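What follows is a short report on a single structure.
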Amino acid sequence: MRAELLARAEAVLEEWVQARGEAPTREAVETFRLLALHRQGARGVPSFNACRETCREIAYHFNLLGEAHSEKTLRMMALLVQHLELFVRGKMEVEGLGEFCCASRPVRQQSAVEEKTHG
Amino acid sequence: MSKYQRVAYYPGCALEGTGHAYNSSTKAVGKALGLELDEVKDWNCCGAMEVKNVDPKVQTYLSSRVMSIAAHEMKASVVMAPCNGCYHNLKKAEYDLAHDAASRETVERISKKAGHETYQAGSLETIHALDWIKDGVGEDELKRRLKNSLKGLKVANYYGCMYTRPRHIFPEKDKGAGSESTSQPHFMDDLLAAAGAENVDFPLKTACCGGAHTLSDSDTSTKLVLNILRAAEAAGADVIATECPTCHSGLEMHQVRAEKALGEKTTVKMLYFTQLLGVALGIGPRKLGIHENVSDGMAALDKVL
């Protein structure tokens, strides 16, 4: 079950990387491909680091479950993966509007330039 | 005497509105701990998300004006902002002014036009309310002043995403023992543990709550918050402690919305960390504004009051 959850998390980040026109990496960071995919996905998009700790927690919970099975830990890992899915999908939806949070990008910069040019 | 004993206080817009209880509880806790606040005169909005999205340099100016008043007019050396958004924006402005000539030029130009002294990077130290209490008083002194232990109260500490991100604007963090961590922040955990609370392992403590989506995509925000609330409950928490008015409002509002829109009910309560510390210091719930919270904080505090 932990492997399925990890694979689900990787699939979410693959989707993000592919949407940005790149091939998802096959490499690993600290033995986790998930962390390598996050690193790849955050390149040039600093606000994507808002899910960095979520990815690290998924890896940590994966390791915990390797030590001993626990329904509580499994449930927490499932919630973490779900959070990653929601975050990335939400981010993909607003990507066209501009960056948010810590790396804010001018949402209306282009339209402001156009207004100045044409107005 | 700690350099944080008396600081310039920048409450920011939210603390005059939805975060009113955070304002009153911060002041009440400071007073009980012998810390003093001098509110920045004629402060303005930090530029928040709205201005930052339209023109980041104007946001830098707006934050710099607050710092200019604190540094030049009030002769303060430290400004404290309890809101993550304000804290983040002041830190970001400080960083931009130190590293970006174009930002310095814009700030100088607008400051001259506005008729006040231009803020120079390095003139002021910006801290959060957590730094103020953790470094201004410390856990030992806090323990000495306790009147009501929070023993038995299980707390999930939620820091939100702007308190530690991006790392480069917080050069004082990640400096080893005694400093705050950007990946695993712990100052709120430390203070509440000193007040007797039992902190639960909470892996979503810095996760996104979807605050930026609230208007454009409310459903995603609601689902993100619901996930945070469920994780806190799965961790066994009675209460989620918050240290930002925007995070706090988001958790409370989307808890209600999750039940109405998605039929998903969660029962964990939200309280500002200053409200929890205030209870531990024997300050009355009304003075701490607990009745102003949307979630019924008193129900969770039954265990300790």
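Residue by residue, here is whether (1) closer than 26 Å to A:ARG75 by Cα; (2) without any contact (Cβ under 8 Å) to a residue 60 or more places away in the chain; (3) out of contact with any Lys or Arg (no Cβ under 6 Å at 6 or more places or on another chain) holds:
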site	(1), (2), (3)
B:LEU262	yes, yes, yes
B:LYS265	yes, yes, yes
B:THR274	no, no, yes
B:LEU277	no, no, yes
B:GLY284	no, yes, yes
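Where strands (runs of 3 or more DSSP E) fall entirely within segment B:1-105, those with at least 1 residues that are open to solvent by 10 Å² or more (accessible area, probe 1.4 Å) are at B:6-9, B:36-39.
Of the numbered criteria (1) more than 9 Å from chain A (Cβ to nearest Cβ); (2) among the charged types (D, E, K, R); (3) touching a Lys or Arg at 6+ places or on another chain (Cβ under 9 Å); (4) without any contact (Cβ under 8 Å) to a residue 24 or more places away in the chain, the one B:ARG167 fails is (1). In segment A:68-80, the condition of being among the charged types (D, E, K, R), farther than 28 Å from B:ALA212 by Cα, modelled with pLDDT of 95 or more and out of contact with any helix residue (DSSP H, G or I) (no Cβ under 7 Å at 6 or more places or on another chain) is met by at least one residue. The residues listed here are B:VAL225, B:VAL256, B:VAL279; of these, the one that is within 14 Å of chain A (Cβ to nearest Cβ) and at pLDDT 95 or above is B:VAL225. Return the residue satisfying two criteria in turn: it lies in segment A:28-60 and is of a type in the set (S, T, N, Q) and in a helix (DSSP H, G or I), and of such residues it is most open to solvent (accessible area, probe 1.4 Å). Once the filter is applied, the top-ranked residue is A:ASN49. Just one of the numbered conditions (1) touching a Gly at 6+ places or on another chain (Cβ under 6 Å); (2) open to solvent by less than 10 Å² (accessible area, probe 1.4 Å); (3) part of a loop (DSSP other than H, G, I, E, B) is not true of B:LYS151: (2). When segment B:184-204 is filtered for residues that are away from chain A (no Cβ under 14 Å) and either over 25 Å from B:LEU301 (Cβ atoms) or in a loop (DSSP other than H, G, I, E, B) (or both), the ones remaining, listed by number, are B:ALA195, B:GLY196, B:ALA197. Within the set B:ALA237, B:ALA241, B:ALA232, the sole residue that is touching a residue at least 60 places away in the same chain (Cβ under 8 Å), within 25 Å of A:ARG75 (Cβ to Cβ) and assigned to a strand (DSSP E or B) turns out to be B:ALA241.
Scanning segment B:260-282 for residues being surrounded by 21 or more Cβ atoms within 10 Å (Cβ to Cβ) and in a loop (DSSP other than H, G, I, E, B) gives a total of 1. For B:ALA207, the conditions (1) part of a loop (DSSP other than H, G, I, E, B); (2) closer than 24 Å to A:LEU84 by Cβ; (3) more than 10 Å from every other protein chain (Cβ to nearest Cβ) are fulfilled apart from (3).
The values are calculated or read from the model by the stated rules, or taken from the named source; none is laboratory data. Just so it is clear, the structure is predicted and the values come from calculations on it, not from any experiment. Glycine also receives a Cβ, built like all others from the backbone with ideal geometry; neighbour counts cover every protein chain displayed. Accessible surface is based on the protein model in full, side chains and every heavy atom, while ligands, DNA and RNA are left aside. Shrake-Rupley method; radii C 1.70, N 1.55, O 1.52, S 1.80 Å.
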